[in-house]
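Here's the structure, in structure tokens; my notes come after.
Each value in this text was obtained by applying a stated rule to the coordinates, not by laboratory testing. Because the structure is a prediction, the values reported are computed rather than measured. Quick reminder, even Gly has a Cβ in these numbers, built from the backbone with ideal geometry, and neighbours come from all protein chains shown.
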Number of protein chains: 2
Amino acid sequence: MGETGSLRTTLHRHGMRVTPQRRLVLDAVRELGHATPDQVHRRVRSTARTVNITTIYRALDALEDIGLVRHTHLGHGAPTYSADEHEHVHLVCHRCGEIDEVPCDLLDDLAELLRRRSGFELDATHLALSGTCRGCRGTDDADHLERAVEETR
Amino acid sequence: MGETGSLRTTLHRHGMRVTPQRRLVLDAVRELGHATPDQVHRRVRSTARTVNITTIYRALDALEDIGLVRHTHLGHGAPTYSADEHEHVHLVCHRCGEIDEVPCDLLDDLAELLRRRSGFELDATHLALSGTCRGCRGTDDADHLERAVEETR
DNA sequence: GTAGATGCAAAATCTTTGCATATTG
DNA sequence: CAATATGCAAAGATTTTGCATCTAC
């Protein structure tokens, strides 16, 4: 009842209604960790066949408005949604596409720096950092090196 | 001839050809700082009316392949491309959409941390950090506070 | 009962692809 | 001349909108 209570009260506080579709969407997001609207749709459909993709988009928007889910852009494609409580920073390898997750508090120092320097309040729970993962580093370094050397002369 | 030389040699090294369209696209990206394919298209069109949006996409891909431009996802919409030399971190306000830019080296410590911890080589030049800008912090904080208080009881 | 949500179909975006033609090296 | 790039039209993919119907409260 805890989870449900949270959804119900949070929706009500914003003058929104509790519907089975919204419950299912929130459940799907929580179960999937992070997922695109399409993935959420598929998940929801496995329980309720008739739910339309339009409803998924609208439910995700609604849940995001009230702060129960967030979205992040992990790569080229569609945004991925995740539950509010599912907090971590994504490390996206631009080479192989692999996504690693690390705790948000690794960014505490940076957050403090940005706050002081620019008055910017970093939201580390939204974050995707791109770079090269351990596995790809060997090859990638070689590539860059070759290019850099040729470039210099 | 420096700029042009770089484009020419870099393209050639990858077995690609120098075309007016590619030059214009690269120029546009450099002039615009960061821009969506559509914005690049408009810019290029102001000089060469007939250049097709398809060509913009292909040119951006080509230039990205050879490392002269990169793209970042700043928000919901289209990716924005920027020139390789145009390095900075974007601070994207999820409230008002404003984009601030700060030097990459603010992330040096974090990069070192991630390298040691996860073997991940952070590419700070690709980066968009989301959060709340100074201007929006007042309102946003109030919002969160209200919500947090109600949530707790 | 009424405001708000859903489903469906259609439109709007954004991006990619196929192919004939044109251009670069 | 041969390999590549471009333009155009059409197809794909993703997301949004309009509207009639339905549902939560």
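In table form, for the structure just shown:
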read-out: Zone residues, region A:75-110, relative to residue A:14, backbone N less than 20 Å from point 7 Å out along Cα-to-Cβ; value: A:79-88
read-out: Scattering curve values for chain B, log₁₀ I(q)/I(0), Debye with Cα scatterers, q = 0.13, 0.15, 0.21 Å⁻¹; value: -0.73, -0.88, -1.26
read-out: Cys with no candidate disulfide partner in chain A (beta-carbon separation under 4.7 Å rule); value: A:96, A:104, A:136
read-out: Placed amide H near residue A:91: partners under 5 Å, 5+ positions off or other chain; value: A:100, A:101, A:102, A:129
read-out: Local electrostatic count, residue A:117, Cβ distance below 11 Å [Lys/Arg +1, Asp/Glu -1]; value: +1
read-out: Beta bridges by DSSP in chain B, antiparallel share as percent, to the nearest 5; value: 70 percent
read-out: Relative exposure of A:85, B:87, judged by other C-beta atoms within 10 Å (fewest first); value: A:85, B:87
read-out: Extreme residue, positive dipole direction of the protein assembly as shown, given options A:67, A:96, B:54 (C-beta unit charges); value: B:54
read-out: Mean separation of Cα contacts under 8 Å (6+ apart) over length of chain A, as relative contact order %; value: 18 percent
read-out: Amide H contacts of residue A:74 (H built 1.01 Å from N, under 5 Å, at least 5 apart or other chain); value: A:80
read-out: Over chain B: helical MRE at 222 nm, DSSP H runs n ≥ 4 each giving -39500 (n - 2.57), nearest 500; value: -16000 deg cm²/dmol
read-out: Reference-scaled alpha-carbon Rg (2.2 N^0.38 Å with N residues) for region B:1-85; value: 1.01
read-out: Region B:1-88: relative contact order in percent, alpha carbon pairs under 8 Å with at least 6 residues between; value: 30 percent
read-out: Simple spin-label estimate for residue A:64 and residue B:85 in nanometres, 7 Å along Cα-Cβ; value: 3.6 nm
